[in-house]
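> Attaching a single structure in structure tokens format; questions to follow.
The values are calculated or read from the model by the stated rules, or taken from the named source; none is laboratory data. Remember, it's a predicted structure, so these values are computed and weren't measured experimentally. We place every Cβ from the backbone using ideal geometry, glycine too, and count neighbours over all the protein chains shown. With ligands, DNA and RNA removed, areas are computed over all heavy atoms of the protein, side chains included. Shrake-Rupley method; radii C 1.70, N 1.55, O 1.52, S 1.80 Å.
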Amino acid sequence: MLDLGLIWGYWGRGMPDNLVELSVEAEKAGFDAVWSAESWGSDAFSPLVLIAAHTERIKLGTGVVQLSARTPTATAMHAITLDHISNGRTILGLGVSGPQVVEGWYGMPSRKPLARTREYVEILRQVFRREGPMAFQGEHFQMPYEGTGSEGLGKPLKVMTHPLREIPIWIGAEGPKNIAQTVEIADGWIPLYYSPFRPEVYADELAWARPDFEIAVNVSLRVHDDVEEALYPTKASLGFYIGGMGAKGQNYHTKLMARMGYEEEAYKIQDLFFEGRRDEAIAAVPTEFADEISLVGSADRIRDRLQAWDESPVTMLNVSARTATELRVIAELVKG
């Protein structure tokens with residue numbers, strides 16, 4: 001049976017009014033996880049601390065923490081603290097983000113994202129295992145630091161707070177090499193888009209996944225009489241991510257849509273978005289593509305299409321319900 005997650009994402013102007021209340025309702029409805037994110041506004045950890053204080057069972061996932069926002073040891077400290085507060089319910093979701101955010105907001109270099117991710121995860125594992133003082137000399141991270149500006153007085157340290165366990169690490173990855181590395185070094189994968197009707201897109205990368213490897217997919221799940229109308233939010237999101245979240249030639253989302261069999265449409269959406277024709281970019285998103293990565297329509301239609309998800313490697317569906325009624329309807333549809 002598929003697990004269910006509630007997505008909060010990152011905040012807009014301010015904190016969602018019902019952040020705690022709805023998360024509590026999600027736990028009551030049988031949801032398995034709640035997810036918080038960050039971009040260049042709210043951080044991913046703080047909302048989960050608040051939710052942890054009002055819940056008992058539901059897992060608390062960062063979906064995702066930006067690697068460039070913190071050093072690996074700072075992220076480890078946040079994760080260990082949240083895990084203690086929640087009595088062992090943390091899922092540490094990580095992602096590199098793109099050059100616009102990494103260099104534009106965090107002021108960090110964006111080069112070699114795979115190598116940076118590998119080193120980051122290796123350091124996290126060492127901290128969580130607490131096997132000895134933290135000593136690491138990589139290309140991107142060094143502890144103690146001995147580079148330019150160093151006083152030469154750094155000392156290898158062991159995290160003072162004892163981790164409750166080795167916290168699971170899930171990675172948001174899109175490119176084939178990144179996904180293959182995620183299968184190798186992480187406990188789970190958070191795809192941006194996933195179609196259970198095109199298993200061949202990720203078949204090679206997932207062939208080496210161990211049996212307990214987790215895959216959590218963000219899905220728009222809406223019971224609605226009009227499929228086209230129900231898909232509009234998905235199309236709007238696709239238009240923005242594929243068209244505007246990145247630069248021409250360096251947009252992971254555009255490349256992903258192209259790999260999923262919609263190359264011509266992907267680059268048309270990007271062109272329209274860069275020309276300032278956003279409404280046309282959204283309209284250019286193929287209904288078939290939006291439908292493949294969503295679960296919308298009548299309850300019967302959703303149940304029918306859920307079979308493909310049940311038969312896929314996906315282990316968790318993450319949804320952005322915003323009322324207790326929506327949560328209960330979704331739980332009934334997915335879990336029965």
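> If only one of E146, E139 is in contact with a Gly (Cβ under 8 Å, 6 or more places away or on another chain), more than 19 Å from N251 (Cα to Cα) and exposed (fewer than 15 other Cβ atoms within 10 Å of the Cβ), which one is it?
Answer to the check: E146.
> Output the residue which, of all residues in the range 38-55 that are under 24 Å from G104 (Cα atoms) and not in a loop (DSSP other than H, G, I, E, B), is nearest to the chain's Cα centre (by Cα).
Only one residue tops the list, namely F45.
> Please verify whether the range 127-144 includes one or more residues that are assigned to a helix (DSSP H, G or I) and either of a type in the set (A, V, I, L, M) or modelled with pLDDT under 95 (or both).
yes
> Can you tell which of T75, T81 is within 29 Å of P176 (Cβ to Cβ) and either hydroxyl-bearing (S, T, Y) or modelled with pLDDT under 95 (or both)?
T75
> Ok, one more. More than 26 Å from Y267 (Cα to Cα), in contact with a Gly (Cβ under 8 Å, 6 or more places away or on another chain) and not in a loop (DSSP other than H, G, I, E, B) - does that describe any residue in the range 294-303?
There is no residue in the range 294-303 that is more than 26 Å from Y267 (Cα to Cα), in contact with a Gly (Cβ under 8 Å, 6 or more places away or on another chain) and not in a loop (DSSP other than H, G, I, E, B).
> Let me ask you something else. Among the residues of the range 56-100, what is the count of those that are open to solvent by 10 Å² or more (accessible area, probe 1.4 Å) and either in a loop (DSSP other than H, G, I, E, B) or in contact (Cβ under 8 Å) with a residue 60 or more places away in the chain (or both)?
Number of matching residues: 18.
> Now for a different question. How many residues does the range 101-115 contain that are open to solvent by 50 Å² or more (accessible area, probe 1.4 Å) and either within 18 Å of P176 (Cα to Cα) or in a helix (DSSP H, G or I) (or both)?
Result for the range 101-115: 5.
> Checking the conditions here, which among A230, A236 is modelled with pLDDT of 90 or more and touching a His at 6+ places or on another chain (Cβ under 9 Å)?
A230
> Considering only the range 1-51, state which residues are among the charged types (D, E, K, R) and under 20 Å from L192 (Cβ atoms).
D3, E38, listed by residue number.
> Just give me the residues in the range 156-172 being touching a residue at least 12 places away in the same chain (Cβ under 8 Å) and part of a loop (DSSP other than H, G, I, E, B), in sequence order.
The answer is P156, K158, V159, T161, H162, P163, L164, R165, E166, I167, P168.
> Restricting to the range 1-24, name every residue that is under 16 Å from T323 (Cα atoms) and touching a Lys or Arg at 6+ places or on another chain (Cβ under 9 Å).
L4, G5, P16, N18, L22
> Report yes if some residue within the range 288-298 is open to solvent by 90 Å² or more (accessible area, probe 1.4 Å) and either over 25 Å from L206 (Cβ atoms) or in contact (Cβ under 8 Å) with a residue 24 or more places away in the chain (or both); otherwise report no.
no
> Of these, I123, I51, which one is of a type outside the set (K, R), crowded, with 16+ Cβ neighbours inside 10 Å, at pLDDT 95 or above and under 24 Å from G5 (Cβ atoms)?
Matching residue, one of I123, I51: I51.
> Related question: Out of L317, L333, L306, I need the residue that is under 27 Å from A37 (Cα atoms), assigned to a strand (DSSP E or B) and of a type in the set (A, V, I, L, M). Which one?
So the residue among L317, L333, L306 that is under 27 Å from A37 (Cα atoms), assigned to a strand (DSSP E or B) and of a type in the set (A, V, I, L, M) is L317.
> Here's another thing I want to ask about it. Return the residue satisfying two criteria in turn: it lies in the range 315-330 and is open to solvent by less than 10 Å² (accessible area, probe 1.4 Å) and modelled with pLDDT of 95 or more, and of such residues it is nearest to the chain's Cα centre (by Cα).
N318
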